[in-house]
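Report on the following structure.
The values are calculated or read from the model by the stated rules, or taken from the named source; none is laboratory data. All figures in this text were calculated on a predicted structure; none of them were measured in a lab. A quick note on method: Cβ atoms are made from the backbone with ideal geometry, for glycine too, and the neighbour counts reach across all protein chains shown.
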Amino acid sequence: MFDATSLAPLFAILALGVAGVGVAAAEAAKPEGARLLAFIGTYNGPRSEGLYRAWFDPATGRLTAPELAAKSANPSFIALHPKGRFLYAAGEYGGAGPYRGGSVSAFAIQGATGNLELLNEVAAGGGPCHVSLDQSGKWLFTASYGSGEVAVFGVGEDGRVSGPVSKVQHTGASVDPQRQTGPHAHFITTTPDNRLVLACDLGLDKVLAYQLDSANGGLTPNDPPWATVKPGAGPRHLAFDPTGHLAFVVNEMGSSLTTFSYDARHGALRGLQSISTLPEGFAGRSTAAEVRVHPSGRFVYASNRGHDSIAVFSVDAAKAKVSLVDIQSSGGKTPRCITLDPSGRWLLAQNQDTDNIVVFPVDPASGRLGPAACEVKVGAPVCLVFAPGI
């Protein structure tokens with residue numbers, strides 16, 4: 001008679017072998033020499049189905065061909081949890097359905113493979129176009145362009161998102177009769193000390209400041225409650241320098257960069273300088289999109305959609321002044337976002353309308369971008385974030 005128990009040792013050996021194959025497959029997914037996992041948010045279309053992953057080698061600037069990590073509906077802007085275990089996406093929905101207007105999705109990062117497992121999705125109406133987390137990872141923030149509101153969601157220990165637990169509806173208008181007849185919240189982040197939440201509102205020409213209640217996620221207007229940019233400039237995104245004393249706002253409609261000093265004690269932004277992100281004499285149509293500060297704090301980068309370029313600025317910290325260094329091609333059309341790798345040696349341009357991401361070396365002395373080191377294809381890339389330590 002056949003006795004299956006007699007083969008138990010063999011089955012155990014085979015099981016170990018299968019497990020070994022699984023580990024080997026996971027390691028194979030991580031190319032030799034690559035140390036950083038990159039996630040890419042996109043708009044859905046013929047070349048995109050959601051969120052993508054790729055491996056980046058900071059020694060060579062090589063980015064592998066992006067692969068689908070999770071299907072998702074227009075996961076345009078994405079953010080990594082401070083602990084690196086979870087990823088969050090702002091879904092820009094349209095039409096009918098339970099998430100009409102928009103949603104926030106939470107994903108668990110599956111170890112070395114970089115696959116994403118959907119944990120949950122909650123409605124976030126009004127066209128959420130930006131998502132970020134506080135430094136504790138307890139609160140998630142959204143800015144909604146369509147409704148002009150900002151919202152706070154809770155984040156559990158398991159990574160799931162809940163809420164919203166609080167909302168603030170912006171009100172008012174500014175000078176442009178087409179795009180500034182009402183509020184359009186476009187970006188939201190915490191200050192470096194995690195005490196305040198700042199929101200850029202394109203429709204109001206304001207950067208609004210809120211005190212964050214770390215216990216319940218509530219937002220209360222700060223005193224002073226906002227800082228302003230030039231009327232009609234349309235503030236879009238903001239980035240702090242490494243010291244936390246300077247903040248840089250890229251203005252979409254005005255194609256300009258505004259420098260602010262930041263007084264952490266009072267939570268006050270004071271405008272210092274505004275400079276164009278476009279070359280002198282340019283007469284075409286272009287809008288600025290993203291701003292990034294080099295890890296050294298010596299350079300600032302801004303992307304131009306239309307001129308399809310990246311403006312490079314040097315920073316004189318002692319004088320709190322920026323100067324234009326160069327304006328260089330983004331290697332494609334409509335650079336929606338730009339990303340610096342953690343070392344600051346490379347800048348990656350996400351060109352939405354040419355379905356490509358281009359990697360440029362950064363000169364450490366001047367901040368200028370060298371000839372492209374790598375180019376990969378992915379449909380309508382919007383936002384790329386690195387997940388160090390994966």
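Figures for the structure shown
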item: Qualifying residue in the stretch 257-280 (condition: without any contact (Cβ under 8 Å) to a residue 12 or more places away in the chain and either within 22 Å of Val312 (Cβ to Cβ) or surrounded by 16 or more Cβ atoms within 10 Å (Cβ to Cβ) (or both)); result: yes
item: Members of the stretch 86-105 that are modelled with pLDDT of 95 or more and farther than 14 Å from Gly50 by Cβ; result: Phe86, Val104
item: Of all residues making up the stretch 365-388, the number that are in a loop (DSSP other than H, G, I, E, B), of a type in the set (A, V, I, L, M), surrounded by fewer than 19 Cβ atoms within 10 Å (Cβ to Cβ) and in contact (Cβ under 8 Å) with a residue 12 or more places away in the chain; result: 2
item: Hits in the stretch 326-354 (condition: touching a helix residue (DSSP H, G or I) at 6+ places or on another chain (Cβ under 9 Å), surrounded by fewer than 23 Cβ atoms within 10 Å (Cβ to Cβ) and of a type in the set (D, E, K, R)); result: Lys333
item: Answer residue from the stretch 230-246, given it is more than 17 Å from Thr339 (Cα to Cα) and among the small types (Gly, Ala, Ser) and is surrounded by the fewest Cβ atoms within 10 Å (Cβ to Cβ) among those; result: Gly244
item: Residues within the stretch 109-121 that are at pLDDT below 95 and part of a strand (DSSP E or B), tallied; result: 2
item: Selected residue (criterion: nearest to Gln211 (Cα to Cα)) from residues of the stretch 122-138 that are at pLDDT 95 or above and either in a loop (DSSP other than H, G, I, E, B) or among the small types (Gly, Ala, Ser) (or both); result: Asp134
item: Enumeration of residues in the stretch 148-166 that are surrounded by 21 or more Cβ atoms within 10 Å (Cβ to Cβ) and closer than 28 Å to Gln180 by Cα; result: Gly148, Glu149, Val150, Ala151, Val152, Phe153, Pro164
